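Contents: one structure, followed by commentary.
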Amino acid sequence: MNDTLTLPKVNNFIDGKFEGIGNGTMDVVSPLDGKVISSVPMSTTEDLDNAVAAAKRAFKTWSEKTIKERVQVFFTYRNLLEKHQDELAKLVQIENGKTYGEALAEVLKSIELCEFAVSMPQIVTNEVQEVSKGVECRIERKPIGVVACITPFNFPNMVPHWTVPNAIVLGNTVILKPSEKVPLSTIRMAELLKEAGLPDGVFNLVNGGKEIVEAICDHPDIKATSFVGSTHVAKIVYRRATSNLQRCVALGGAKNHLIVLPDANPQMTADNVVASMSGCAGQRCMAASVMVGVDRVQHIIDLMVEEAKSIVPGKNLGSVISKEAKERIEAYITEAEQQGAKILVDGRGATVEGKEGGFYVGPTIIDYVTPDMKVAKEEIFGPVISIIRAKDVDEAILIENGSNYGNAAAVFTQSGGLARRIMEGASAGMIGVNIGVPVPREPFSFGGWNESKFGVGDITGKSSIEFWTQNKKTTTKWNPEDKTNWMS
C-alpha cells in the first residue's frame, strides 16, 4: 500500500507554517508490518508557547467574525475530506493498522462531524426576551479563547474531528496534540484546513509526548482542554487542567457489557457481538468486552464461535497498535486460562504471511469468566470478549453495574419490557438495544459515565456547544418615559 501513498513529513504546524523543531524525534512504526514509516518531533514547552502565542493573536480577528462567516471554511474543508477520502483512509490504515474499510468509515464519520459543525448557525441562536415594559434581556454565545485538544492513537482521523471543527466554528482557536504513535492523519488535516482557507494561527498542531500534555494542562493562556485516552491518564489530565483553572472534559477507557437474553435473535446477536468485540481490532472505547449470558444462551455462544473463526488477521481483522499492546493482550488471555476460564477461540500467536513483523491478535472468546478476574474488570483494548454466565436479568444488571467504567452497555432481546428494564438499570452513558456498538450519530453527543468520563457535558454534538462557549448576558432599556418597577 505504501507504494501508492506518499506519506507526509511530520512537523509541527504553527501560525500557518510547518516547523521542523522540537527536542529530537521518535520513530513512527506501522503496526501492519512493524516497519518505520516516519518520525515525529518531540516538541518542547517553547514550541507549545509559540503555538499558543499564534493562537492568541489569531483569536481576536477570528472570534469577531460571525458564526455564519466562520462555517464557510468548513463547507470547503468537508468537501476536501470527501475528495481525499481514499488517501486519508490509507493514512489511517498504515499508521493505525485498521482494515481499509474501517479506516474509510472513520473518514466518513469525520465528514459527518464537519456537517454538524456547519449546521451551527441554525443551532446556536441568541435568546432574546422582553422581560419588562421596554426592558430586553439577551444571551449570546461567545468563544472562550485558546483551547487544546489531546487525541489518542485509535482513531487518528475521527477523534480530532470530534472537537476541532466545533471549537473553531464557535470562535475559538485550537492547539491539537495528537498521539505520537499516529501523527500522519493530523498533518493532512492541517494541510487541508489551510487549503480550505482557515486563517493562520486558528489551528495549530504540536506533536510530542507526556511533556507537551503536561504543558497544555499548565498553560495559563489555554482556557479549555479536551482529552481522549485511557482512564488512568484522563484522571491525571482532568485534575491537572482544572487545578490550573481550565475547563476540561476527559474521556477515559471502558469495559462495555453486552447482556444477551435467551430470546435474542441468535444469528443477529452472534454477528453483532463478535463484530463489536473485533471491529478496529477491539481498539475502541465502544467495543464489546464482556458478554453477560443470561440463562440458556449456549446456542448463541456456539454461533459466536463460528462467526469468530471467519475473522482472519490481515484480511478482515487489522493489527493492534504495537508489540507491547500485543504482548499485554495475550497476557490477559493466558492469565484467564490459568484461572480456570475456557478459551473457545484463541487469538494468541497470530501472524500474517508477508507481514511477520506486524502486531496481530486474532479474535478471542473466553467462556466461564468470573467477575473477579482481571479479564472481566480491566480494559483489554483488543479483539477479546469474556463471557460471564448469569442466572437472571437482575444478576446481569448487577454484573454490569459492578464495573468502574460506564461508557456503553447493550441488551439483545426480543422483549421490549426486558429491554427497557436493562436500559434503565445499566450504569452507562450510551445504551444499545440489539446494537453492539451504540455510538450516537450527530447531533446526539458522545460521552460515558463513571470512570469513562471526567467533567461536565459531552465531547460532541449539541452538548459540546456549552463546553466551547460562554454566555454573555445583556440587559437594555431605552424607554425613560415608562415608569419603573422592581423588574426595570
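Placing a label point 7 Å from the Cα of LYS472 along the Cα-to-Cβ direction, the residues of segment 113-132 whose backbone N falls under 18 Å from that point are 121, 124-129.
Place a point 7 Å from the Cα of ASP263 along the Cα-to-Cβ direction; which residues of segment 393-415 have their backbone N under 11 Å from it? Output list for this probe position: 413-415.
Rounded to the nearest 10 degrees, the inclination of helix 298-309 to the longest alpha-carbon principal axis of the chain is 80 degrees. In this simple spin-label approximation, THR61 and ASP372 carry label points 7 Å from Cα along the Cα→Cβ vector, and these lie 6.5 nm apart.
Run the numbers for LYS17 and LEU418: contour at 0.36 nm per residue of separation, minus the present Cα-Cα distance, in nm.
138.7 nm
Per DSSP H run of n ≥ 4, the term is -39500 (n - 2.57); total these for the chain, divide by its residue number, and report the mean residue ellipticity at 222 nm rounded to 500 deg cm²/dmol.
Helix contribution divided over all residues of the chain: -12000 deg cm²/dmol.
Between the alpha-carbon centres of segment 290-304 and segment 136-181 there is a gap of 41 Å. Using Cβ point charges alone (K and R +1, D and E -1), the dipole size of segment 380-488 about the Cα centre works out to roughly 260 debye.
For helix 158-169, what angle does its Cα long axis make with the longest principal axis of the chain, in degrees from 0 to 90 and rounded to 10? Its long axis makes an angle of about 10 degrees. In terms of its C-alpha gyration tensor, segment 256-433 has a prolate overall shape, because the principal axis ratio a/c (a ≥ b ≥ c, square roots of the eigenvalues) is not below 1.5 and a/b outweighs b/c.
Around LEU192, under 13 Å between beta carbons, what's the net of Lys plus Arg minus Asp minus Glu among the other residues?
Working: positive: ARG78, LYS83, ARG188, LYS194; negative: GLU82, GLU87, GLU191, GLU195.
Every neighbour counted, the sum reads 0.
Cβ crowding within 10 Å, taken as a proxy for footprinting-reagent exposure, orders THR6, THR45 from fewest neighbours to most as THR6, THR45. If exposed means no more than 12 neighbouring beta carbons inside 10 Å and the site is in a DSSP loop, what's the longest run of the chain without any exposed chymotrypsin sites (Phe, Trp or Tyr not before Pro)? Result, exposed sites excluded: 1-477. Counted residue by residue at 0.36 nm each, then reduced by the alpha carbon distance between them, the extension gain from LYS391 to ARG348 reaches 12.4 nm. Helix 85-96 and the longest principal axis of the C-alpha atoms of the chain enclose an angle of approximately 60°.
Readers should treat all values here as calculations from the given coordinates under stated rules, not as data from a laboratory. Just so it is clear, the model here is predicted, and its values are computed rather than measured. Positions of Cβ are backbone-derived with ideal geometry, glycine not excepted, and every protein chain shown enters the neighbour counts.
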